[in-house]
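One structure is given below, encoded as structure tokens.
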Amino acid sequence: MSTPTIKHVRAFTLTGRGADYHDQETGHWIDDHISTPLGRYPEYRQSRQSFGINVLGTLVVEIEATDGTVGFSVTTGGEIGAFIVEKHLARFLEGAKVTDIEKIWDQMFHATLFYGRKGIVLNTISGIDLALWDLLGKIRQEPVHQLLGGAVRDELQFYATGSRPDLAKDMGFIGGKMPLQYGPNEGEEGLRKNLEHLAEMREKVGTDFWLMFDCWMSLDLNYATRLAKGAAEFGLKWIEEALAPDDYWGYAALRKNVPNGMLVTTGEHEATRWGFRMLLEMGCCDIIQPDVGWCGGITELIKISALADAHNAMVVPHGSSVYSYHFVITRTNSPFAEFLNMSPKADEIVPMFSPQLIGEPVPINGRMRASVLDKPGFGVELNTALKLNRPYAR
């Protein structure tokens, strides 16, 4: 049987929740006074949407093969990403074999070097790459994790990210990661409130449950060091993305400064093997957290993970639902996964990319059996009831 080729590539946009998970209605925990790099400006402290965190929207990439099979993915990128797909990158896909994933990635990356390397361009390349893996899995009638070499464990275990670690414990998760609420520009009172919140949660969850702070690129080295040292008595497991993504030197210093046993994690906003090479070779962190929808897709995550393994670092991808679950379950240096709790009050389990994906699995009692991921491709379908917009149809 001859290998199908790629017939057509299409890029759509969606707004409202889903892959752009910051695009939430008023009152959601993810937009409620979280420390950010814009915290230096009082008018942008209360809501992240106030400075535009939700402006991009979701990018949907569909790739159709000559046998009629369609693979797809969702990521953050919106209309900018759709333009890049349709006006630039489609030329490297249409006519290629569906198995030419490595070649296609290499051509897309090098063709965009003059305006890409990271950010929205890598989000877009990631979306295309995920759609290619989904397409290949569907053509071969295999789940992506089988294409990657197969599961190394029978189930995934999860920690939960959200505003209520105490509820996450009741739901069966191994830990709870909280958004840090107050940053350096809110002074000593803000630092005290951060530590008081941690102390309150520790009292609620007991001594054995993991607690972590997600600092979302908002701190400086001095504040992050003081926060980590103050948090030690409350058993903070790790301090995440404390500094700006490009401050590799600051991360290396922070890792030396934190109390013994506390982990430094980062990488959510890093991209490609070269970016993660900097983090790993400079000793910036104990765990890297690439987002498979932003770092370059599965094809690049394979390389990033191998590099981390050689540095004895764990790889625990940021969020990204099924796109990371299929990867994590195939890697021994990815011992657990993140579940981003997107219920408005973090008090119930809902699919992360709802309402955009149909059939998206969620943890049960903080676990997910490998067999749940045994459908072809990534095992989800696009919700066609939503209004898709194709701004640059060809």
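Points to keep in mind about this one:
- Test for Y223: is it in the same structural domain as T266 (by TED's automatic domain parsing), more than 23 Å from A160 (Cβ to Cβ) and more than 22 Å from the chain's Cα centre (by Cα): yes
- Restricting R48, R40 to those that are at pLDDT 95 or above, crowded, with 19+ Cβ neighbours inside 10 Å, among the charged types (D, E, K, R) and not assigned by TED's automatic domain parsing to the domain that holds K345 reduces the list to R48.
This table checks each residue for (1) of a type in the set (V, I, T); (2) closer than 21 Å to D129 by Cβ.
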| position | (1), (2) |
| --- | --- |
| C284 | no, no |
| V315 | yes, yes |
| E338 | no, yes |
| S354 | no, no |
| I364 | yes, no |
| M368 | no, no |
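- Hey, R394 outside any strand (DSSP E or B), more than 18 Å from D214 (Cβ to Cβ) and modelled with pLDDT under 95 or not: yes
- Put simply, of Y41, Y21 the only residue that is farther than 25 Å from P290 by Cα and of a type in the set (S, T, Y) is Y41.
- Of the set (1) closer than 20 Å to V61 by Cα; (2) not in a helix (DSSP H, G or I), all apply to A151 but (1).
- Looking only at residues of the stretch 245-272 that are of a type in the set (D, E, K, R) and surrounded by fewer than 17 Cβ atoms within 10 Å (Cβ to Cβ), we find that the one that is nearest to the chain's Cα centre (by Cα) is D246.
- Taking the criterion of being touching a strand residue (DSSP E or B) at 6+ places or on another chain (Cβ under 6 Å) and not in a helix (DSSP H, G or I), the residues of the stretch 314-328 that qualify are M314, V315, V316, G319.
- Pairs, first outside the structural domain of M278 (by TED's automatic domain parsing) and under 16 Å from K87 (Cα atoms) in the stretch 115-127, second of a type in the set (S, T, Y) and assigned to a loop (DSSP other than H, G, I, E, B), C-beta under 9 Å, six or more apart: V121/T112; V121/Y115; L122/T112; T124/T112; I125/T112
- Residue check: M314 meets all listed conditions (1) of a type outside the set (V, I, T); (2) under 25 Å from I30 (Cα atoms); (3) without any contact (Cβ under 8 Å) to a residue 40 or more places away in the chain but one, namely (2).
- Total residues in the stretch 273-310, condition on the phi > 0 side of the Ramachandran plot and over 14 Å from the mean Cα position of the chain (by Cα): 1
- Filter result for the condition that a residue is in the same structural domain as A131 (by TED's automatic domain parsing), more than 18 Å from C295 (Cα to Cα) and not in a helix (DSSP H, G or I), over G71, G27: G71
- Flag for Y159 being in a loop (DSSP other than H, G, I, E, B) and either closer than 30 Å to H33 by Cα or more than 17 Å from the chain's Cα centre (by Cα) (or both): no
- Some residue of the stretch 202-217 being buried (at least 22 other Cβ atoms within 10 Å of the Cβ), within 30 Å of K7 (Cα to Cα) and modelled with pLDDT of 95 or more: no
- Screening G293 against (1) in a loop (DSSP other than H, G, I, E, B); (2) over 18 Å from A19 (Cα atoms) leaves a single unmet condition, (2).
- Residues satisfying the stated conditions in the stretch 221-278, i.e. over 29 Å from E200 (Cβ atoms) and among the polar types (S, T, N, Q): T272
- Looking only at the stretch 93-145, and only at residues there that are more than 24 Å from G68 (Cα to Cα) and aromatic (F, W, Y), the one that is surrounded by the most Cβ atoms within 10 Å (Cβ to Cβ): F109
- Test: residue in the stretch 19-36 that is within 30 Å of E94 (Cβ to Cβ) and crowded, with 16+ Cβ neighbours inside 10 Å: yes
The values are calculated or read from the model by the stated rules, or taken from the named source; none is laboratory data. Worth saying up front: this structure is predicted, and the values here are computed from it rather than measured. Neighbour counts run over all protein chains shown; Cβ positions are idealised from the backbone, glycine included.
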